[in-house]
Structure formats: structure tokens, C-alpha cells
Amino acid sequence: MTKTILIATDFSLESLDILKKVLKKKNDQNDENNYKILFLSGYDMGDSIRELLFTTKSSVFEKIRPQEFCDAYSIINNKYPTLIDKITCDIFTGNFQRTFNHYIEAANVDEAYYSSKSKNLSKDQFDITPFLKKNKHIEAQEVVTEITGYIPEKGRLAEVFL
């Protein structure tokens with residue numbers, strides 16, 4: 001059976017800790033489901049007609065998602081090939097809870113996870129955690145991600161292997 005997991009992200013390597021912990025738990029439980037992983041971040045498109053007309057998702061992702069993030073989730077994808085069906089990234093551009101609820105329903109999200117750790121958001125990004133907490137379709141679960149002392153490769157791809 002295929003289920004969808006939504007992970008609130010800021011597209012930093014630290015936010016991939018949520019995915020690692022969730023997949024490790026499911027792997028330890030010998031979960032036989034396949035999961036579509038959806039990384040979601042809030043993005044404010046602005047009020048400019050020019051920006052609204054000519055901004056595409058790919059141009060937004062070029063600004064807010066570093067290549068290291070894509071490389072890192074590919075590594076995690078290779079580590080859990082039996083659990084992961086597909087990994088996608090998306091942005092939520094709405095301003096209202098009702099719009100977010102419709103997004104969750106349309107995406108067929110079964111589980112949602114977030115971290116309350118400080119976010120590394122760019123100037124146009126916003127935190128979708130308040131929307132997740134007030135969501136009426138699914139109950140979002142907080143994943144505690146802790147930093148263990150000194151990490152020599154902080155902010156680098158090697159951090160995924162820790």
C-alpha cells in the first residue's frame with residue numbers, strides 16, 4: 001500500500017533529520033508500506049503582477065533549495081529503497097488555513113511531521129508548522145531533532161551519514 005508523508009522543511013540538511021528518523025522507525029517496525037515523501041515549505045509569492053505571472057516553481061526552487069539538499073535526499077532514498085516510492089518537493093503559497101486544508105486533502109497526505117527547531121528560512125519563505133498544527137485532516141507529529149555536540153561537517157552533505 002502506498003501512503004503519503006508530508007514533511008515541513010526549510011530545505012536545509014538539518015530538516016532531513018526528520019525524514020531519517022521517520023524512515024528508521026518504520027524500518028525498525030518492518031513496515032511493508034511504500035511511502036511518497038513530500039517536502040513542503042511555505043513561500044510568499046508577493047504582490048507584484050510581474051512576479052505572479054513569470055515566477056515558476058523551478059525558479060523558486062533554484063532560489064530556496066540548495067543542490068546539497070537534493071543530493072542528501074537521494075542518499076536517504078538509496079538507503080531505504082523498499083520504503084520510499086517517490087520523493088518530491090513543493091511549495092505552499094497560500095495564506096489561509098482553509099487553503100492549506102485543501103492542499104493536504106488534494107495531496108492525499110496520510111502522515112505529517114515537523115520539527116520545532118529553529119528554521120533557516122530565506123526572506124520569501126514562511127513556516128508552515130502553524131498550518132499543520134491546526135489542520136483538520138491529519139494530526140501532525142513533532143519529531144525532536146537534537147544536535148549532538150560538535151559536528152565537523154555541519155551544513156555539508158556528510159552530515160546525512162551521522
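Taken together, the values in this text are just the output of simple stated rules run on the coordinates, not laboratory data. Since the model is a prediction, treat every value here as computed from it, not as a measurement. Ideal geometry is used to build each Cβ from the backbone, glycine not excepted, and the neighbour counts take in all protein chains shown.
Among 26/136; 24/86; 24/79; 3/57, which pairs are too far apart, with a Cα-Cα distance over 19 Å?
On the way: 26/136 24 Å; 24/86 17 Å; 24/79 10 Å; 3/57 24 Å.
Long pairs (Cα-Cα over 19 Å): 26/136; 3/57.
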* **Burial ranking of peptide ranges 89-102, 4-17 (average Cβ count within 10 Å, highest at the top)** => 4-17, 89-102
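With charges set only on the Cβ (+1 for Lys and Arg, -1 for Asp and Glu), what does the dipole of the chain come to about its Cα centre, in debye to the nearest 20? Can you show the working numbers first?
Numbers: 22 positive and 24 negative charges, 17 e Å.
Taking the Cα centre of the chain as origin, the dipole is about 80 debye.
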* Long-range amide H contacts for residue 85: which residues qualify at under 5 Å (H placed 1.01 Å from N, peptide plane, sequence gap of 5 or more or a different chain)? -> 35, 36, 37
* Can you work out the base-10 log of I(q)/I(0) for region 2-161 at q = 0.10, 0.19, 0.20 1/Å, using the Debye formula on its C-alpha atoms alone? -> -0.36, -1.32, -1.44
* For residue 125, enumerate residues with amide H under 5 Å from its amide H, sequence gap 5+ or separate chain, H modeled in the peptide plane. => 44
